[in-house]
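Encoded as structure tokens, here's the structure I'll be asking about.
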Amino acid sequence: MVQLVDIVSSLNREFKINEFGKDPAFSRFIPKAYNNDINWKKIFEPNFIELFNGLMIKGYSSVCNVFLAVFPTAEILEKFIEMGDPGDLLFMHHPLTMECGDPRGKWGRGFVHIEKSLLERVVDKGLSIYTCHAPMDYHRTLGTSQAIAEKLGIDVTERFIHNEKHGDIGIIGDIKTTNTIELIEQLKCIFEIPYVDFEGINKSVVKKVAVIAGCGDKVNWMEEAERKGVEAYISGEIHCHIDNDYGKERYQQIKDFANKTNMSLIGVSHSASEYLVKKTLMYRWFKDKFNLNVVLIPQNKWWL
């Protein structure tokens, strides 16, 4: 059993939560997603309301088990509430579910808030939730893209998609020589997905790759990678399948780029790409730091 305050302090230090400042995405999307439906400011912790990272819901003071997940879907929260003992902690990447859409199925709704009844049950049972988004994406050793690079055995040659304050979220490097078809099969195995999203060229030789966990569906990022000699661009999303004008515009932008690129563009699903760091690097971090029981909660469906 470990004190919640000690875990939170260690996470805050590791990811520099206070120094990072407001999360650029969720400081915008949480107020929009909840709107006037739920008084989220009454439920979430004061520091979270300010920074949109860190301890989101504070439960009892002692933690026996840490649960790791990526999105707060109803399925994930139901399992946490069912399996967790009072005081247990759920560590996630997102404080909102992101329905990015299924390349072979239904398009998504974008950001979706947690239902009020689930929030109330988490609070009533004395459970805690901590989320870490952008600070984890930029982290050099515990980052979402870093986990992918390590799993693929990438010999990192450079980092890209630079932010002056926080660093880089993308990684470029060399892998053992392969081809597009073999690389896709490898990625399906790593991320436990039935299929990938694909655009671009099927290449007979792939040596240099770029990895960007989460949303990599930005033409300027793809263009930068191609200028640097990348042959396969791997991301959570190469296409936005959100069913609104924004999603359709982004989808067409990538379609246009795909018609002229010489790269393989491979998407492994937003959620699966960001879950990998939980079941590898963060699993070991919690074990090494606190020797707690760590429980993984994968999603039944990665393409949301």
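Throughout, read-outs are computed from the coordinates displayed, never taken from laboratory work. These figures come from a predicted structure and were not determined experimentally. Cβ atoms come from the backbone with ideal geometry, glycine included; neighbour counts cover every protein chain shown.
What whole number of Å gives the distance from the Cα centroid of the range 208-222 to the Cα centroid of the range 1-27?
The distance from the Cα centre of the range 1-27 to that of the range 208-222 comes to 26 Å.
Sticking with this structure for a sec: Below 12 angstrom from the Cβ of T157, what's the summed charge of the other residues (Lys, Arg +1; Asp, Glu -1)?
Overall, the nearby charge balance is +1.
How far apart, in nanometres, would the label points at S61 and L296 be if each is projected 7 angstrom from Cα along the Cα-to-Cβ direction?
Calculated label separation equals 3.4 nm.
Let me ask another. Once each part is reduced to its C-alpha centroid, what is the distance from the range 271-304 to the range 34-59 in angstrom?
23 Å
Shifting gears a bit: Quick one: of K106/K176; K42/K106; K22/K188; K188/K255, which pairs are farther than 27 Å apart, Cα to Cα?
Details: K106/K176 35 Å; K42/K106 34 Å; K22/K188 34 Å; K188/K255 22 Å.
Checking Cα-Cα distances, K106/K176; K42/K106; K22/K188 exceed 27 Å.
Sticking with this one: Compare the Cα positions of V156, T144, G126 along the charge dipole of the chain (+1 at Cβ of Lys, Arg; -1 at Cβ of Asp, Glu; about the Cα centre) and return the one farthest towards the positive end.
After comparing all options, I get V156.
Also, quick follow-up: May I ask you to compute the full-extension gain from N47 to I201, defined as 0.36 nm times their residue separation minus their alpha-carbon distance, rounded to one decimal in nm?
Values: separation 154, 0.36 × 154 = 55.44 nm, distance 4.61 nm.
Separation in residues times 0.36 nm, less the Cα-Cα distance, equals 50.8 nm.
Assuming R0 = 22 Å, what is the FRET efficiency of K188 and E75, from their Cβ-Cβ distance, to the nearest 0.05? Could the numbers behind the result be given before it?
On the way: r = 22 Å, r/R0 = 0.98.
Approximately 0.50, to the nearest 0.05.
Among the listed pairs K165/K260; K248/K279; K32/K58, which are separated by more than 25 Å between their Cα atoms?
Listed pairs above 25 Å: K165/K260; K248/K279.
Using the 10 angstrom Cβ neighbour count as an exposure proxy, how do V230, V277 rank, fewest first? Let's see the in-between values first.
Numbers: V230 24, V277 27.
Final ranking by Cβ density, sparse to dense: V230, V277.
Can I ask one more? Using only alpha carbon pairs under 8 Å that are at least six residues apart, calculate the relative contact order of the chain and give it in whole percent. Mind dumping the intermediate values first?
Details: 618 pairs, mean separation 58.9, N = 304.
After rounding, I find 19 percent.
Under 17 Å Cα to Cα from K278, which lysines show up? Leave out anything in the same chain fewer than 8 places away.
K79, K151, K287, K289, K301
If the only charges are +1 at each Lys and Arg Cβ and -1 at each Asp and Glu Cβ, what is the size of the charge dipole of the range 140-267 around the Cα centre, to the nearest 20 debye? Let's see the in-between values first.
On the way: 16 positive and 21 negative charges, 55 e Å.
With Lys and Arg at +1 and Asp and Glu at -1, about 260 debye.
T141 versus E223, label points 7 Å from Cα toward the beta carbon: distance in nm?
Modelled inter-label distance: 3.7 nm.
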